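*Asks:* Starting off with a structure, shown below.
Derivation of every value follows stated rules applied to the coordinates shown; laboratory data play no part. If you're wondering where the values come from, they're calculated on a predicted model, not measured in any experiment. Neighbour counts are summed over all protein chains in view; Cβ atoms, including those assigned to glycine, are modelled from backbone coordinates with ideal geometry.
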Amino acid sequence: MRWLVLAGGLAGLEALAGCSHLVVLHDPLSAAEHNDLGVAYESAGESDLARREYRRALRLEPGLAQAWINLGNTDARVERWDEAARSYRRALAIEPGRADGLNNLAFALLHSRRPGALGEAERFARRAVARGGTRDSIYRATLGEVLSARAGPTCGGCPAAAPP
């Protein structure tokens, strides 16, 4: 078995196609570039590859709030609400007033079904609405969903409960 250690970057990889193993000692991409690559993978429907790139970005720069939000979004898409909430909380620890993080955390909490989560979701959703911005209508929609969930079912057309 042949091993090759490539220390200077990725130039000339096409010449190495016959090698059994390739070890790259230097990652030429920055954290922001890994994050952007993750976004591209996600847009192409490659969630696993996107997650990998977000994690690489965060290994390089743990304070990259956008990568935490993006990682949380990949969990939310497959309804891993607690994992998504953890990522959004990490983003908000870095940028506490970030409206997208506030909104997405509220949305994850809304769907988590944990006791007390709706009250917390409402607080985060209200903070996102207060921040406003170009996505204000999305933040207001999230707040509306949270308030509806807190009010309980309004089921005027529901069948009556069966007698005991």
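*Asks:* Could you look through the stretch 82-107, keep only residues that are within 10 Å of the chain's Cα centre (by Cα) and surrounded by 19 or more Cβ atoms within 10 Å (Cβ to Cβ), and pick out the one that is nearest to GLY45 (Cα to Cα)?
*Replies:* Filtering first and then ranking leaves ALA84.
*Asks:* Name the pairs: first residue in the stretch 100-119 and closer than 15 Å to LEU71 by Cα, second residue charged (D, E, K, R) and assigned to a helix (DSSP H, G or I), Cβ to Cβ under 7 Å, at least 6 apart or on different chains?
*Replies:* LEU102/ARG127; LEU102/ARG131; LEU105/ARG89
*Asks:* Still on this model: Select from the stretch 40-56 the residues that are surrounded by fewer than 19 Cβ atoms within 10 Å (Cβ to Cβ) and among the aliphatic types (A, V, I, L, M) and list them in ascending order.
*Replies:* Those that are surrounded by fewer than 19 Cβ atoms within 10 Å (Cβ to Cβ) and among the aliphatic types (A, V, I, L, M): ALA40, ALA44, LEU49.
Residues checked against (1) under 13 Å from ALA31 (Cα atoms); (2) not hydrophobic (A, V, I, L, M, F, W, C):
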position: GLY45; (1), (2): no, yes
position: LEU49; (1), (2): no, no
position: TYR54; (1), (2): yes, yes
position: ALA65; (1), (2): yes, no
position: THR74; (1), (2): no, yes
position: TRP81; (1), (2): no, no
position: ALA85; (1), (2): no, no
position: TYR88; (1), (2): no, yes
position: ILE94; (1), (2): no, no
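*Asks:* Assuming ARG80 fulfils every condition listed in (1) without any contact (Cβ under 8 Å) to a residue 12 or more places away in the chain; (2) over 30 Å from GLY152 (Cα atoms) apart from one, which condition is it?
*Replies:* With (1) without any contact (Cβ under 8 Å) to a residue 12 or more places away in the chain; (2) over 30 Å from GLY152 (Cα atoms) applied to ARG80, the lone miss is (2).
*Asks:* Please go through (1) within 23 Å of PHE107 (Cβ to Cβ); (2) crowded, with 17+ Cβ neighbours inside 10 Å for ARG77 and return the number of the only condition it doesn't satisfy.
*Replies:* Unmet condition: (2).
*Asks:* I would also like to ask the following. Take ARG52 and decide whether it is of a type in the set (Lys, Arg) and within 25 Å of PRO96 (Cβ to Cβ).
*Replies:* Judged against the criteria, ARG52 is not a match.
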